[in-house]
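One structure is given here, and the rest of the page talks about it.
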Amino acid sequence: LPRLVREFVAQNNTSQIKHVIQILSQEFALSQHPHSRKGGLIGLAACSIALGKDSGLYLKELIEPVLTCFNDADSRLRYYACEALYNIVKVARGSVLPHFNVLFDGLSKLAADPDPNVKSGSELLDRLLKDIVTESNQFDLVGFIPLLRERIYSNNQYARQFIISWILVLESVPDINLLDYLPEILDGLFQILGDNSKEIRKMCEVALGEFLKEIKKNPFSVKFAEMANILVIHCQAADDLIQLTAMCWMREFIQLAGRVMLPYSSGILTAVLPCLSYDDRKKNIKEVANVCNQSLMKLVIPEDDEMDEAKPSVTVPAEPASEESLSRPEAVTTGESQNGLDVTLNQPLFFPRSCERIQVTLNLDGIVQVLDYHLSDTSIGMMTRIAVLKWLYHLYIKTPRKMFRHTDSLFPILLRTLSDESDEVILKDLELLAEIASSPAGQTEEGHGPSDVRPGPVELHVPARAGQLSSSTTKGLECSPSTPTMNSYFYKFMINLLKRFSSERKLLETRGAFIIRQLCLLLNAENIFHSMADILLREEDLKFASTMVHTLNTILLTSSELFQLRNQLKDLKTPESRNLFCCLYRSWCHNPVTTVSLCFLTQNYKHAYDLIQKFGDLEVTVDFLTEVDKLVQLIECPIFTYLRLQLLDVKNNPYLIKALYGLLMLLPQSSAFQLLSHRLQCVPNPELMQTTDNTKPSTGFKRTAASNIDYTELLQHFEKVQNKHLEARHQRAGRAEQLDRRVVL
């Protein structure tokens with residue numbers, strides 16, 4: 001047969017050559033008899049060898065019958081087919097490349113063949129074909145990619161190994177740019193990364209690693225946006241290796257592509273945020289996720305707030321980050337991965353080349369939806385909730401105008417978050433609420449103010465931001481660039497905060513003081529106390545009003561954060577301080593003992609004495625005596641040092657001494673009684689206490705500063721409020737008595 005074919009070649013008799021190949025194919029290789037098929041395969045290989053370099057002219061006729069035999073049920077015959085094709089390819093070399101797809105398709109099937117001999121033969125053929133592709137510069141990558149994309153989803157281990165080996169080969173060829181087609185096969189590669197075989201996983205890791213190196217070297221040609229969707233999906237994979245690898249890719253994409261990734265922020269956050277709460281078993285994933293989160297946050301810029309849908313998008317230069325900037329030390333955070341939102345991504349954007357510019361629109365609605373979901377999910381870990389609050393705070397700083405469109409929907413969940421178990425979560429929540437309450441973008445004139453606005457005018461004073469925050473508190477926190485003014489959300493915040501304290505008394509007991517003290521650092525303390533006192537003045541639940549006033553009074557008298565406010569009230573030198581005193585007094589009347597303590601703080605000793613005289617008309621309960629006891633203890637604290645020193649000046653402070661004796665007379669013979677009694681025994685010359693009401697203070701006494709306060713009217717207001725409390729107690733007692741009767745009946 002070879003001699004006959006060589007003669008035909010010498011005579012250039014192509015028709016006879018084709019005739020011989022046709023007979024070998026139709027009558028032998030495709031025969032029904034197995035021995036004939038074997039003979040046909042051997043004949044076709046011999047024919048190819050005889051043709052030599054001319055075999056390229058007849059490759060289609062030579063290859064097709066051999067490939068058909070790859071599907072033969074007889075393993076021996078499949079081996080002969082593999083051997084025949086090896087000889088055909090070895091002779092033709094580069095001429096087989098136009099037929100590469102059919103050869104690859106056949107080989108991919110043999111790679112999973114159950115017979116070891118067939119598999120061994122296919123491996124030899126595979127190596128030969130790889131050598132040919134590596135040597136040639138005529139490989140049709142465009143035509144091959146669809147087949148590769150189809151085969152990469154095979155679940156067979158041997159087929160997967162075969163696919164990965166080819167990807168590694170194609171990556172290594174300088175003339176073949178597989179990176180351009182990475183979006184076509186990236187999803188399949190991540191699927192293979194989850195294979196049960198360690199060897200296949202390792203091969204896939206190497207392939208993905210090579211691609212990532214190539215991306216870092218030449219980011220200008222990478223279609224980042226086309227692959228963002230794929231990474232978002234695999235960043236949420238249950239397999240740790242897939243998730244870690246995808247997260248590492250995501251980190252590099254964000255840092256290399258920059259704002260190109262912004263349209264995919266909602267999907268990225270859906271994948272990244274749950275990872276921030278992972279425990280130490282997934283420490284690597286957690287750390288990479290944290291870098292992704294921080295890097296993505298930095299991409300949001302103030303210019304994003306200036307865009308409207310009708311306006312052109314922000315354009316930024318397409319300058320990828322350098323490799324030096326890829327690894328930044330970020331704070332490590334830690335819980336549980338949860339997918340709860342469908343990730344809807346925008347149209348793919350291609351990374352621009354050279355001097356092109358890109359248009360990027362921040363999809364704020366999608367981001368807020370994701371953040372809202374993760375903050376509402378009670379099963380989400382602490383570090384994830386903290387990250388969500390940081391994101392919201394960052395967005396209110398960078399894009400306040402757009403964010404205030406979402407404030408009405410976010411406000412309820414932010415208030416609920418104040419009941420969180422973690423102090424750190426509450427601190428971040430308060431920081432965010434303070435920013436909402438003080439940002440100029442929150443004014444009702446903007447058209448997005450709160451529906452629950454204040455029913456009357458109020459004096460809200462604008463503090464200096466630096467004066468509100470101590471250095472120890474602001475350390476490590478982002479400071480708001482907003483003008484430190486109280487917007488229309490401030491009063492809404494105060495109303496809803498008090499409502500929450502009213503409905504959730506445990507929150508008031510355990511975290512109330514902590515929350516109010518922190519707010520006094522973040523906002524203006526005078527504004528907070530002024531507004532809360534104003535709201536409590538109209539509170540219908542008198543018992544809550546009394547409890548809340550007691551809490552506020554304790555904070556006012558004991559918190560270091562309120563040192564300046566106490567000094568302001570102690571002197572009452574300005575109209576503003578007197579106005580604040582009157583506002584506080586009217587609400588403080590809900591609690592008689594706190595009203596006296598406020599008079600002590602403001603050095604209104606005569607009025608304190610007048611109030612104590614009224615206590616004889618009140619119902620003295622155990623709770624009332626307990627509060628008097630606490631006030632006595634408080635008088636011994638450093639806060640009232642000035643008051644104790646004024647006891648030395650008996651002549652100018654007669655009503656102070658009378659007021660303290662009044663408290664002493666109210667107390668039973670208890671430890672507080674003994675404490676106050678011992679204190680009063682230290683007052684020099686007790687006989688000098690005898691004085692008339694028209695005693696005039698010396699020039700050193702400061703009472704002239706508050707001369708325009710109508711204390712008679714304040715006293716009448718106190719009596720009126722106490723009568724309301726008395727009626728309420730009688731009503732509660734009556735209801736309790738009726739309930740007891742029903743139980744008895």
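The values are calculated or read from the model by the stated rules, or taken from the named source; none is laboratory data. Please read these numbers as outputs of a predicted model, since none were measured by experiment. In this analysis, Cβ positions are derived from the backbone assuming ideal geometry, glycine residues included, and neighbour counts consider all displayed protein chains. SASA here: full protein model, heavy atoms, side chains in, ligands and nucleic acids out. Shrake-Rupley method; radii C 1.70, N 1.55, O 1.52, S 1.80 Å.
Please verify whether the range 167-179 includes one or more residues that are within 19 Å of LEU62 (Cα to Cα) and of a type outside the set (Gly, Ala, Ser). Give the derivation first.
Going residue by residue through the range 167-179, those that are within 19 Å of LEU62 (Cα to Cα) are none.
Checked the range 167-179: no residue is within 19 Å of LEU62 (Cα to Cα) and of a type outside the set (Gly, Ala, Ser).
Given the conditions (1) over 20 Å from GLU435 (Cα atoms); (2) open to solvent by less than 10 Å² (accessible area, probe 1.4 Å), report the number of the one that ILE516 does not fulfil.
(1)
Here's the yes/no breakdown for (1) within 35 Å of the chain's Cα centre (by Cα); (2) of a type outside the set (D, E, K, R); (3) assigned by the TED database to the domain that holds LYS428:
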| residue | (1), (2), (3) |
| --- | --- |
| ARG511 | yes, no, no |
| LEU519 | yes, yes, no |
| ALA525 | yes, yes, no |
| HIS530 | yes, yes, no |
| HIS550 | no, yes, no |
| LEU556 | yes, yes, no |
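Taking interchain pairs and intrachain pairs at least six residues apart, which have beta carbon atoms under 6 angstrom, with the first residue in the range 228-254 and within 17 Å of GLY188 (Cβ to Cβ) and the second open to solvent by 20 Å² or more (accessible area, probe 1.4 Å) and acidic (Asp, Glu)?
Taking only residues 6 or more apart or on different chains, the pairs are ILE230/ASP187.
Does LEU645 count as outside the structural domain of CYS520 (by the TED database), surrounded by fewer than 16 Cβ atoms within 10 Å (Cβ to Cβ) and not acidic (Asp, Glu)? Write out each step before concluding.
Details: outside the structural domain of CYS520 (by the TED database): yes; surrounded by fewer than 16 Cβ atoms within 10 Å (Cβ to Cβ): yes; not acidic (Asp, Glu): yes.
So LEU645 fits the description; yes.
Mind checking which pairs have a first residue in the range 526-542 that is among the small types (Gly, Ala, Ser) and a second that is surrounded by fewer than 22 Cβ atoms within 10 Å (Cβ to Cβ) and outside any helix (DSSP H, G or I), Cβ under 7 Å, 6 or more apart or different chains?
Final answer for the pair search is SER531/VAL458.
Would you confirm whether or not the range 663-686 contains a residue that is buried (at least 18 other Cβ atoms within 10 Å of the Cβ), part of a helix (DSSP H, G or I) and under 50 Å from the mean Cα position of the chain (by Cα)?
no
Quick grid of which residues meet (1) touching a Gly at 6+ places or on another chain (Cβ under 8 Å); (2) of a type outside the set (Asp, Glu); (3) outside any loop (DSSP other than H, G, I, E, B):
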| position | (1), (2), (3) |
| --- | --- |
| PRO174 | no, yes, no |
| PRO183 | no, yes, yes |
| LEU189 | no, yes, yes |
| ASP195 | no, no, no |
| LYS202 | no, yes, yes |
| ALA207 | no, yes, yes |
| GLU210 | no, no, yes |
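Could you count how many residues in the range 226-260 are surrounded by fewer than 24 Cβ atoms within 10 Å (Cβ to Cβ) and among the small types (Gly, Ala, Ser)?
Residues in the range 226-260 being surrounded by fewer than 24 Cβ atoms within 10 Å (Cβ to Cβ) and among the small types (Gly, Ala, Ser): 3 in total.
Name the residue, out of ILE200, ILE163, that is surrounded by 17 or more Cβ atoms within 10 Å (Cβ to Cβ), within 22 Å of ARG93 (Cα to Cα) and of a type in the set (Val, Ile, Thr). First the steps, then the outcome.
On the way: ILE200 fails: within 22 Å of ARG93 (Cα to Cα).
Answer to the check: ILE163.
Has the range 90-107 got at least one residue that is outside any helix (DSSP H, G or I) and open to solvent by 70 Å² or more (accessible area, probe 1.4 Å)? Working first, answer last.
Just the residues of the range 90-107 that are outside any helix (DSSP H, G or I), to begin with: none.
Checked against the condition, which is being outside any helix (DSSP H, G or I) and open to solvent by 70 Å² or more (accessible area, probe 1.4 Å), the range 90-107 yields no hits at all.
Tell me, please, whether a residue that is more than 23 Å from GLY512 (Cα to Cα), hydrophobic (A, V, I, L, M, F, W, C) and open to solvent by less than 10 Å² (accessible area, probe 1.4 Å) can be found in the range 583-594.
Step one: of the range 583-594, the residues more than 23 Å from GLY512 (Cα to Cα) are none.
No, that holds for no residue.
Inside the range 391-424, can you point out the residues that are in a loop (DSSP other than H, G, I, E, B) and open to solvent by 40 Å² or more (accessible area, probe 1.4 Å)? Please lay out each step first, then the result.
Within the range 391-424, the subset in a loop (DSSP other than H, G, I, E, B) is 399, 404-406, 420-422.
Answer for the range 391-424, where residues must be in a loop (DSSP other than H, G, I, E, B) and open to solvent by 40 Å² or more (accessible area, probe 1.4 Å): ARG405, GLU421.
Could you list all residues from the range 8-59 that are assigned to a helix (DSSP H, G or I), farther than 24 Å from LEU77 by Cβ and either among the aromatic types (Phe, Trp, Tyr) or open to solvent by less than 80 Å² (accessible area, probe 1.4 Å) (or both)? Step through it out loud before you land on a result.
Narrowing the range 8-59 to residues assigned to a helix (DSSP H, G or I): 8-10, 14-29, 34-59.
After this cut, where a residue has to be farther than 24 Å from LEU77 by Cβ as well, the list is 8-10, 14-19, 52-54, 56-57.
Result: PHE8, VAL9, THR14, SER15, GLN16, ILE17, GLY52, ASP54, GLY56.
Evaluate the following for ASP372: is it of a type in the set (Asp, Glu), assigned to a helix (DSSP H, G or I) and within 11 Å of the chain's Cα centre (by Cα)? Don't jump to the end; show me each part of the working.
Working: of a type in the set (Asp, Glu): yes; assigned to a helix (DSSP H, G or I): yes; within 11 Å of the chain's Cα centre (by Cα): yes.
Spelling it out, ASP372 is indeed of a type in the set (Asp, Glu), assigned to a helix (DSSP H, G or I) and within 11 Å of the chain's Cα centre (by Cα).
Within the range 373-431, which residues are among the hydroxyl-bearing types (Ser, Thr, Tyr) and touching a helix residue (DSSP H, G or I) at 6+ places or on another chain (Cβ under 9 Å)? Steps first, answer last, please.
Taking the range 373-431 first, the residues among the hydroxyl-bearing types (Ser, Thr, Tyr) are 373, 376, 378-379, 384, 393, 396, 399, 407, 409, 417, 419, 422.
TYR373, SER376, THR384, TYR393, TYR396, THR399, THR407, SER409, THR417, SER419, SER422 - these are the residues of the range 373-431 that are among the hydroxyl-bearing types (Ser, Thr, Tyr) and touching a helix residue (DSSP H, G or I) at 6+ places or on another chain (Cβ under 9 Å).
Considering only the range 622-633, state which residues are surrounded by 18 or more Cβ atoms within 10 Å (Cβ to Cβ) and not β-branched (Val, Ile, Thr).
Within the range 622-633, the first condition is being surrounded by 18 or more Cβ atoms within 10 Å (Cβ to Cβ), and the residues that meet it are 627-629, 631-632.
Those that are surrounded by 18 or more Cβ atoms within 10 Å (Cβ to Cβ) and not β-branched (Val, Ile, Thr): GLU627, ASP629, LEU631.
Is it true that some residue in the range 661-680 is at pLDDT below 75 and of a type outside the set (Val, Ile, Thr)? Quick ask: steps written out before the conclusion?
We begin by selecting, within the range 661-680, every residue at pLDDT below 75; these are none.
Checking the range 661-680: not a single residue is at pLDDT below 75 and of a type outside the set (Val, Ile, Thr).
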